[in-house]
Amino acid sequence: MKAILGRLQRSSRRYLIVGASVYVFELIVIWVAQAGGATPVWSVVLSFCLGTAVSFFLQKLITFGDKRMHKRVILSQALATTLLVVWNLGFSIALTKVLQNFLPTIIIRTLALGITAIWNFYLYKTQIFNNANETLIG
């Protein structure tokens, strides 16, 4: 039991470190894009897309140690991650609509990030990047 908790704690720490690193990376992308003349909206779109791709591979390889790089595995994991991102966006919008008259937007977004980080970790660990699953689809 102690070994299982130790592995969970290590992967949890790596998950948080990767997430924080990707957040910093996205901020740098926004800064560089705007310095290069991009509008705020386009700089956020660029940082979101690049950040999602970087996060996918860092979480896969570093946090969860999933070294499988077969095309079918990557595609099924990317599809599952895309569906999760869309779900997270819908949840974030719904939470904002419900709480917008009670809390500042930044608090709502932080709350949504905290909640989605918990279920993302669980789904990444048990489904998406689980080495026991050869593929998620098909």
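See the values below:
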| item | result |
| --- | --- |
| Accessible area per residue, Å², segment 5-94 with all protein chains present, probe 1.4 Å | 63 Å² |
| For segment 67-73, Karplus couplings with θ = phi - 60° (6.51, -1.76, 1.60), whole Hz, Gly/Pro x | 8, 5, 10, 5, 3, 5, 5 |
| Lys pairs, the chain - Cα-Cα below 25 angstrom, 8 or more residues apart or on other chains | 6 |
| Value of relative contact order over segment 65-138, rounded to a whole percent, pairs C-alpha under 8 Å and six or more apart | 49 percent |
| For the chain, calculated [θ]222 nm from helices alone, where every DSSP H run of n ≥ 4 adds -39500 (n - 2.57) | -26000 deg cm²/dmol |
| Derived scalar couplings ³J(HN,Hα) [segment 9-18; Karplus, 6.51 cos²θ - 1.76 cosθ + 1.60; whole Hz; x for Gly, Pro] | 5, 4, 5, 5, 5, 4, 4, 5, 5, 4 |
| Projected label distance in nm at R13 and C49, using a 7 Å step from Cα toward the beta-carbon | 3.6 nm |
| Rounded accessible area of V24 (nearest 10 Å², 1.4 Å probe) | 80 Å² |
| Rel. contact order, % - alpha carbon contacts under 8 angstrom, at least six apart, segment 24-115 | 16 percent |
| Residue-span extension gain [Q34 to A20] - 0.36 nm each, minus C-alpha spacing | 2.9 nm |
| At R0 = 35 Å, FRET efficiency that the Cβ-Cβ distance of I106 and T82 yields, to 0.05 | 0.85 |
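The values are calculated or read from the model by the stated rules, or taken from the named source; none is laboratory data. Treat the numbers as computed from the prediction; the structure is a model and nothing was measured. All Cβ positions, even for glycine, are placed from backbone atoms using ideal geometry, and neighbour counts span all protein chains on display. Just the protein is used for accessible areas: all its heavy atoms, side chains included, with ligands, DNA and RNA removed. Shrake-Rupley method; radii C 1.70, N 1.55, O 1.52, S 1.80 Å.
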